Amino acid sequence: MRNPTVSFALWCLLLALLYPPTAYGLNETSHEIVNQQAAKGSVVDQALKQQLGVGSGLDALLQSGGERNSVLRWIMRGGFREDDGSNWDFVIGRYRPFRHFHDPLKPWDRAGFSSPPWLRPFESSLRWAQRPNQTLEAVGGSFSLLNARNSFGSSGNRVENLQAWHRLLRRRRK
């Protein structure tokens, strides 16, 4: 006769392996809210106004293709889109969230995310942010610090510079 506890445990294990992204604690809407609160509680608004000369700060409107949103809305959208990817991306290790971690108590070569067990440990987010071509290893585009630095200042016009930053920081279109 079958043991119901063992059967239940095996089913749970099978479901966990087949649908791993559904077990994460924050969904896309939560990420939008986190980004919104982080932007409002940071110096971004002040920096836009005082250092970049964008008088309306987080409320400044930026155009991208057919979309026009405030800086704050683009930041929120980035939080929504950052975790894009499929179950297959998760299985083969191209899932962007694997690169969101840094353990400051470990050496940088081992400070990144180290699970699931069938994949190699991932780079620390501090190193990942410096990679010039992130698309080789993860879905969603390349949004490195190097790309940001090269995009910013490519124009003498502050609004154009802000537009360049927006193009860099935006996530894939719907």
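A few comments on the model shown:
- Mean Cα-pair separation over length for region 44-99, i.e. relative contact order, pairs under 8 Å, 6 or more apart, %: 18
- Derived scalar couplings between HN and Hα for region 58-63 equal 5, 8, 4, 8, 10, 9 Hz in order, rounded to whole Hz, by the Karplus curve 6.51 cos²θ - 1.76 cosθ + 1.60 (θ = phi - 60°), x for Gly and Pro.
- Net length gained if the chain between ILE92 and LEU13 were fully extended (0.36 nm per residue, minus Cα distance): 26.6 nm
- Projecting label points 7 angstrom from Cα along Cα→Cβ for VAL34 and VAL6 puts them 4.0 nm apart.
- Gyration tensor (alpha-carbon) shape descriptor, region 83-132, a/c threshold 1.5: oblate
- Extension gain, ASN27-PHE101: 0.36 nm per intervening residue step, less the Cα-Cα distance, totals 24.9 nm.
Bear in mind that the values in this text are calculations on the coordinates, not laboratory data. If you're wondering where the values come from, they're calculated on a predicted model, not measured in any experiment. No Cβ is skipped: glycine too gets one built from the backbone with ideal geometry, and neighbour counts run over all protein chains shown.
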